[in-house]
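Please treat every number below as a calculation from the coordinates, not as lab data. The model shown is predicted, which means the values in this text are computed figures rather than measured ones. Cβ atoms come from the backbone with ideal geometry, glycine included; neighbour counts cover every protein chain shown.
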Amino acid sequence: MKTRCSAKSSQRGAVFALFVIGLLAIIAIAGLALDMSHAYVDKTRLQNALDAAALSGAMTVINSNGNCDTARGHAIDTFYENVSGTELEDLTPTIEFSEVLAKNAFSESCPDSPSFVRAKLRGDNRFGMTTWLARILGEQYKTLAIGASAVAGTVDIIPCKVGPFVVCGDEPSGCDNPNDCFGYKVTGGDTGIAAEECYLKVGSGGDPLDSKDPPEGQVCGIDPQWKDSQVGPGNYHFKQYESCSKSNGKGKPCMVESLGAGAIDQCDEANNTYVDTQTGNIVSIRDAFNTIFDLPGSDGKKYPDDEFPPDTDTREDIFYDQYTGNGRRVMPVVIARCDADPDNECANSDYAFKGDADKGKTPSGTTCLPKLTVGCFFLTRSLPSPKNKDGEKATGKTSVVYGQFIGKCPSYGSPTQNPSLFDIQKIILYDDPDSVDS
């Protein structure tokens, strides 16, 4: 007798087949979700490690005056530190350099002035993540290729709030060497030069060492140029502002305002190639200056803290490396060429140099000087009472400000993508111009 399969038995077979297919689909979907989550974690970890490597490389290439080999080593070491103990630890990123942030500009070779560093894992050098469940979809899903890249480089900081001082600098030196940065020595920090205190001359003409009461210590940079400076009589190396809330930019009110919490915003004039100076005396700003050290004025009264807040670290005679304050003691100062203006950078100034050096003529006390850059000066001392050792009124020759030339300024101002040789800059991450995968 022949037996027949019942309809019920046939349905059981169909249900089983549908169950298997559905189960595979569920496993595949779950596998994709699980493996994609795993890939996302690895991608994030890889991106963070490459970001750190690029930042480390960029910082090194700037601080080492363009040594790409050292920068590459630091970048790779930083990458290893960030992936140690993970499945990414066997990877080695490619480190590339460029002078500009543009497509097809990066190369493993070292350009003349490297400013940007790229750390990447792309192409054959990508990370192959082994999948767990997605592999059931086929051979091509046994591994997932994960790539990433990171670009870091300098961004200039144009200080918008500059202190009232203008000091003499040396144009030919540039700032390739921390021992000679526009005529100044950048001390402390990672420069390899021991921190030291010196003084800036903010008096009118002459050499302070020739005075009856010469300042102690050593002068910062090349300021003996004062002897031959053509800033003219009565000029105490004070900066004139284009405008301030108190007046038209000239005089004591603006110089005092520049030392307060609402320091004068100068972003509009930050790109000027010149600086206008004005007459004045250090005595006129002494009280406002000393509020930084939480000291009262000459009349025993203090400026209001909301307008002139003291620094949170008011210890005197310490260096920037020991400093724990809020930045009030770091003062950007204009470094200018204290001579005539042969290249006519001051053409747009109302105080352009109009003297004739060959005939012994000099400008008046209010004049214009070609601006070289803006340097940062850490204030180490308050300003003393304007009296010399004999109790007599101090002269312009003895008007000095003590501190430490640190080069680096705080990160405020208007950023640009035109890195300069001077150290007023910071390192940031950029989008990779060759890839959206950064």
Give, in nm to one decimal, the length gained when the segment between Tyr80 and Lys142 is fully stretched (0.36 nm per residue of separation minus the Cα-Cα distance).
19.7 nm
Fewest to most neighbouring Cβ within 10 Å: what's the order for His38, His74?
His38, His74
For Ser349, Ser243, Ser399, Ser298, which order do you get if you count the other beta carbons within 10 Å of each Cβ and list the fewest first?
Ser298, Ser243, Ser349, Ser399
Can you give me the distance in nm between label points at Cys110 and Ser64, each placed 7 Å from the Cα along the Cα-to-Cβ direction?
0.7 nm
Using the per-residue mean of other Cβ atoms lying within 10 Å as a proxy for protection, in what order, highest first, do the peptides 63-72, 83-92, 160-169 fall?
160-169, 63-72, 83-92
Test of understanding: ordering Thr277, Thr44, Thr94, Thr366 by Cβ neighbours within 10 Å, fewest first, what list do you get?
Thr44, Thr94, Thr366, Thr277
Exceeding the 22 Å Cα-Cα cut-off - candidates Lys252/Lys301; Lys201/Lys426; Lys201/Lys252; Lys201/Lys301; Lys43/Lys426
Lys201/Lys426; Lys201/Lys301; Lys43/Lys426
